[in-house]
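Notes follow the structure.
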Amino acid sequence: MTTYDLTATPLREVNTALHAPELEGDITIVNPFGAHNVAVGLNAPVKVTVEGHVGYYAAGMNQQAEIVIDGNAGTGVAENMMSGTVVVKGNASQSAGATAHGGLLVVEGDAAARCGISMKGVDIVVGGNVGHSSAFMAQAGRLVVRGDAGDGLGDSIYETRIYVRGTVASLGADCVAKEMGPEHLEELTGLLKAAGFTEDDPASYTRYGSARSLYHFHVDNTGAY
Amino acid sequence: MSTDTWGLRESATFDRGAIAAIQRAAETGIYDIRGWGAKRALPHFDDLLFLGASMSRYPLEGYREKCGTDVVLGGRNAKYPLHLDTPVTIAGMSFGALSGRAKEALGRGASEVGTSTTTGDGGMTPEERGQSKHLVYQYLPSRYGMNPDDLRKADAIEVVLGQGAKPGGGGMLLGQKISERVAGMRTLPQGIDQRSASRHPDWTGPDDLAIKIAELREITDWEKPIYVKVGATRTYYDTKLAVHSGADVVVVDGMQGGTAATQDVFIEHVGIPTLAAVPQAVQALQELGVHRQAEGGVQLIVSGGIRTGADVAKAMALGADAVAIGTAALIALGDNDPKYAAEYEKIGSAAGFYDDFQDGRDPAGITTQDPELAARFDPVEGGRRLANYLRVLTMEAQTIARACGKAHLTHLEPEDLVAVTIEAAAMARVPLAGTSWIPGQGGF
């Protein structure tokens, strides 16, 4: 176990150490005190635990690593993640998992606005609620919300599948509720299990996705934009 | 019979172009989308002239005395700044908008003369990386194909806030160009009319951008220069904010800068001319003490309507450290070639006028994803043509610089220039020829 104290070791040195070739083992980062860009650009099958709150872009562009943030996360946690797992034990600010291509992001508390914006293949499971414009222009992957969703959910969505257990304040353009088939129940069960929420009844969720009516420019669609 | 003899009067307001546009809008119900940049007449580098050396300045001998053209970009923070042999770079153009072979040719041509090329809104292709000695990787609002592996392979990173053809607008790529490969790289369904975001998904404003730039540096271990590209609008403020955010290089793209697909109304009516933007950017850099500084300097790259070595020299005399070309590079590759005149006519255009880059039927095989059309284009030949053109631009700029007595292109200065129109004098902040009058700089 390697431990870095961000009050004693500059972030640059910590991130350099986390980029070391052949990195392995468990790493703990203590005293982050809201620092930005903690544990970004990892590309190794290691476990990193951050004990405390982090600022913007924690675990940004993660590949392979399992990163646990034992606190709250600022804007853009796990942005553009490619693979691996990022778990936020507290709440996440806006744009959690933005543009992420793969891996699993779990926010055990609430996620603010634009959760999963422009997501491109990541799976995101939020224990609480998500703010407005979540899954905006979401392209691929799955977003699971155990609580409620704010206004404009899934606006201009492409092929991401969204599952919400609670209420949705409003749906964005071209996002519609869809039938929950057996394959969707199975998919949702797997996602909840991966995120550690095994007690939920998948049938209590509603699936949302693209109506695909805005995929081509057409004069009759202008009111929707 | 010629209409000249009819005694008919065409409206200056509702001319034939305006009437045709109204008729087209009424018929289709959708705005006109096209490629290229602003086509309207604008004050431009043509409105400036150099004051060659005579009695009070000594020229350099054209064939004997050296005139340097090399430029270093991004030394402010990056461990590995770009060292280019010529200050004429290739602007960002996407795979998707262009064929893979066209992107390869851009890399070949740029590498042959020791300059950089740039990815676009569609990610980095292996062909392009493989053929580009210096490759700038664009970081765009859409983040299509963005991944840390390619980020680490790049020689520089360009955070794109906008482009001159459409400041404030996102990209679009119509369905006919979303081939299986393009769709795969962008994680989109094949064949849809794709709309790119106009705002970055995880930051807003200069304070956030500073953190974002720091993140990109951390991920790439502070090795690569970070550019910030803006479409020319409030250029003075944008340049200052870009520098405060940590940019190593600021790229300013004027409204003549090209696009692969944007609404015509956007191209022609949003943004300011390149000529008006350059002095604003230079003023901002000077006030911050980072203009043309060997240590800690921030370089300025100017694009939007660069066609000749004279344009290169004029942009640099106004204070640019380098320029970028897009439309001109495509023309050098073979775009709008008269040899395809009959085919341009078949699709309702003409060689020299073709701007329908959005529809994927480019007879020259450059702005297309159609395999048969793309196969017409030879990337080796295209690369050679581009290298020729880049050499001509560089030699032309050197010719002018020597005539002004300069041993390096970056020694050119505003004092070497005059303007032939009042508008250009005001925008470029150089005197009207034969006078000491710079409109807008005090007095009247």
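The values are calculated or read from the model by the stated rules, or taken from the named source; none is laboratory data. What you see is a predicted model, and the numbers here were worked out from it, not measured in a lab. A quick note on method: Cβ atoms are made from the backbone with ideal geometry, for glycine too, and the neighbour counts reach across all protein chains shown.
The single condition among (1) facing chain A (nearest Cβ under 9 Å); (2) buried (at least 18 other Cβ atoms within 10 Å of the Cβ) that B:Thr235 does not satisfy is (1). Selection of segment B:56-98 for residues being in contact with a helix residue (DSSP H, G or I) (Cβ under 8 Å, 6 or more places away or on another chain), at pLDDT 95 or above and more than 24 Å from B:Thr308 (Cα to Cα) yields only B:Asn77.
Conditions (1) at pLDDT below 95; (2) under 21 Å from B:Gly305 (Cβ atoms), marked per residue:
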position	(1), (2)
B:Gly319	no, yes
B:Ala322	no, yes
B:Thr327	no, yes
B:Leu333	no, yes
B:Ala341	no, no
B:Gly360	yes, no
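Looking only at segment A:110-141, filter to residues that are closer than 17 Å to A:Leu191 by Cα and at the interface with another protein chain (Cβ under 8 Å from one of its Cβ atoms); which one of those is surrounded by the fewest Cβ atoms within 10 Å (Cβ to Cβ)? Among those residues, the one meeting the criterion is A:Ala140. Residue check: is B:His200 surrounded by fewer than 22 Cβ atoms within 10 Å (Cβ to Cβ) and either more than 10 Å from chain A (Cβ to nearest Cβ) or modelled with pLDDT of 95 or more (or both)? Judged against the criteria, B:His200 is not a match. Every condition in (1) more than 25 Å from B:Leu409 (Cα to Cα); (2) assigned to a loop (DSSP other than H, G, I, E, B) holds for B:Gly319 except the one numbered (1).
Per-residue answers, yes or no, for (1) within 20 Å of the chain's Cα centre (by Cα); (2) exposed (fewer than 15 other Cβ atoms within 10 Å of the Cβ); (3) at pLDDT 95 or above; (4) of a type outside the set (Ser, Thr, Tyr):
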residue	(1), (2), (3), (4)
B:Glu381	no, yes, yes, yes
B:Arg385	yes, no, yes, yes
B:Leu393	yes, no, yes, yes
B:Arg402	no, no, yes, yes
B:His411	no, no, yes, yes
B:Gly434	no, yes, yes, yes
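Does segment A:94-102 contain at least one residue that is more than 10 Å from chain B (Cβ to nearest Cβ) and either assigned to a loop (DSSP other than H, G, I, E, B) or at pLDDT below 95 (or both)?
Filtering segment A:94-102 for residues more than 10 Å from chain B (Cβ to nearest Cβ) gives none.
No, the conditions are met nowhere in segment A:94-102.
Of the residues making up segment A:63-82, those that are more than 10 Å from chain B (Cβ to nearest Cβ) and either outside any strand (DSSP E or B) or of a type in the set (Gly, Ala, Ser) (or both) are A:Gln64, A:Ala65, A:Gly71, A:Asn72, A:Ala73, A:Ala78. Give the number of residues within segment B:144-169 that are in a loop (DSSP other than H, G, I, E, B) and either away from every other protein chain (no Cβ under 12 Å) or in contact (Cβ under 8 Å) with a residue 40 or more places away in the chain (or both). Residues in segment B:144-169 being in a loop (DSSP other than H, G, I, E, B) and either away from every other protein chain (no Cβ under 12 Å) or in contact (Cβ under 8 Å) with a residue 40 or more places away in the chain (or both): 13 in total.
Being of a type in the set (S, T, N, Q) and outside any helix (DSSP H, G or I) is the filter here; which residues of segment B:322-351 pass it? Answer for segment B:322-351, where residues must be of a type in the set (S, T, N, Q) and outside any helix (DSSP H, G or I): B:Asn336, B:Ser349. Looking at B:Arg152, B:Arg195, just one residue is surrounded by fewer than 19 Cβ atoms within 10 Å (Cβ to Cβ) and closer than 30 Å to B:His269 by Cβ, and that residue is B:Arg195. Within segment A:34-77, the set of residues being on the phi > 0 side of the Ramachandran plot, in contact with a Phe, Trp or Tyr (Cβ under 8 Å, 6 or more places away or on another chain) and among the small types (Gly, Ala, Ser) comprises A:Gly52, A:Gly76.
Within segment B:275-289, track down each residue that is out of contact with any helix residue (DSSP H, G or I) (no Cβ under 6 Å at 6 or more places or on another chain) and in a loop (DSSP other than H, G, I, E, B). Passing the criteria: only B:Gly289. Of the set (1) surrounded by 24 or more Cβ atoms within 10 Å (Cβ to Cβ); (2) outside the structural domain of A:Glu187 (by TED's automatic domain parsing); (3) under 18 Å from the mean Cα position of the chain (by Cα), all apply to A:Gly102 but (1).
Among the residues of segment B:301-315, is any touching a helix residue (DSSP H, G or I) at 6+ places or on another chain (Cβ under 6 Å) and either acidic (Asp, Glu) or without any contact (Cβ under 8 Å) to a residue 12 or more places away in the chain (or both)? Checked segment B:301-315: at least one residue is touching a helix residue (DSSP H, G or I) at 6+ places or on another chain (Cβ under 6 Å) and either acidic (Asp, Glu) or without any contact (Cβ under 8 Å) to a residue 12 or more places away in the chain (or both). Taken as a whole, the structure leaves A:Glu186 outside the set of residues that are acidic (Asp, Glu), within 11 Å of chain B (Cβ to nearest Cβ) and either surrounded by fewer than 20 Cβ atoms within 10 Å (Cβ to Cβ) or over 13 Å from the mean Cα position of the chain (by Cα) (or both).
The criterion of at least 1 residues that are of a type in the set (Ser, Thr, Tyr) is met, among strands (runs of 3 or more DSSP E) falling completely within segment B:36-143, by B:88-90, B:116-118, B:134-139.
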